[in-house]
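Have a look at the structure below, then the notes.
The values are calculated or read from the model by the stated rules, or taken from the named source; none is laboratory data. Since the structure is predicted, the reported quantities are computational estimates derived from the model, not experimental observations. Quick reminder, even Gly has a Cβ in these numbers, built from the backbone with ideal geometry, and neighbours come from all protein chains shown.
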C-alpha cells in the first residue's frame, strides 16, 4: 500500500500540472485569435509590405514606384469622376427615351 500512495500522488500532480499547462496554452491561443490582435498583426504586415515596396534598403523613397502609384490613384479618381458624370447624364425616363427616339426617326 505504501507504494500506491506515492504513485497516486505523482499521477495527481502530473494531472494538475498538465491541466495548468493546457489552460495556459488555451489562454495564449485565445489571445492570438482575438480579432483586435489579428487586425493589429495584419496592419503591421501591410505597413511592412508598403515600406518594402516604396523604400530602398537604405530607407530612401523609390520615386519611380511612388510616381507609378500616384498615377494609378489619379487615374482611378479620374475614371470615377467621368463615370459619375455620365451616370448623372444618363438618368432618363422612358418618356425621355421615346422623345429622343422620335426625333431620330427617319
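I'd like to know if the stretch 21-28 contains one or more residues that are at negative phi, at pLDDT 90 or above, surrounded by 10 or more Cβ atoms within 10 Å (Cβ to Cβ) and under 24 Å from the mean Cα position of the chain (by Cα).
yes
Any residue at all in the stretch 64-71 that's more than 17 Å from the chain's Cα centre (by Cα), exposed (fewer than 10 other Cβ atoms within 10 Å of the Cβ) and free of Cβ contacts under 8 Å to residues at least 24 places away in the same chain? Before the answer, list the steps.
The initial filter retains those residues of the stretch 64-71 that are more than 17 Å from the chain's Cα centre (by Cα), namely 64-71.
Still in the list and also exposed (fewer than 10 other Cβ atoms within 10 Å of the Cβ): 64.
Adding the requirement that they be free of Cβ contacts under 8 Å to residues at least 24 places away in the same chain leaves 64.
Yes; the residues of the stretch 64-71 include at least one that is more than 17 Å from the chain's Cα centre (by Cα), exposed (fewer than 10 other Cβ atoms within 10 Å of the Cβ) and free of Cβ contacts under 8 Å to residues at least 24 places away in the same chain.
Could you go through the stretch 75-90 and let me know if any residue there is loosely packed, with under 10 Cβ neighbours inside 10 Å and not in a helix (DSSP H, G or I).
yes
Among the listed residues 57, 31, which satisfies the condition of being without any contact (Cβ under 8 Å) to a residue 60 or more places away in the chain and part of a helix (DSSP H, G or I)? Break it down stepwise before answering.
Details: 57 fails: part of a helix (DSSP H, G or I).
Only one candidate passes the filter, namely 31.
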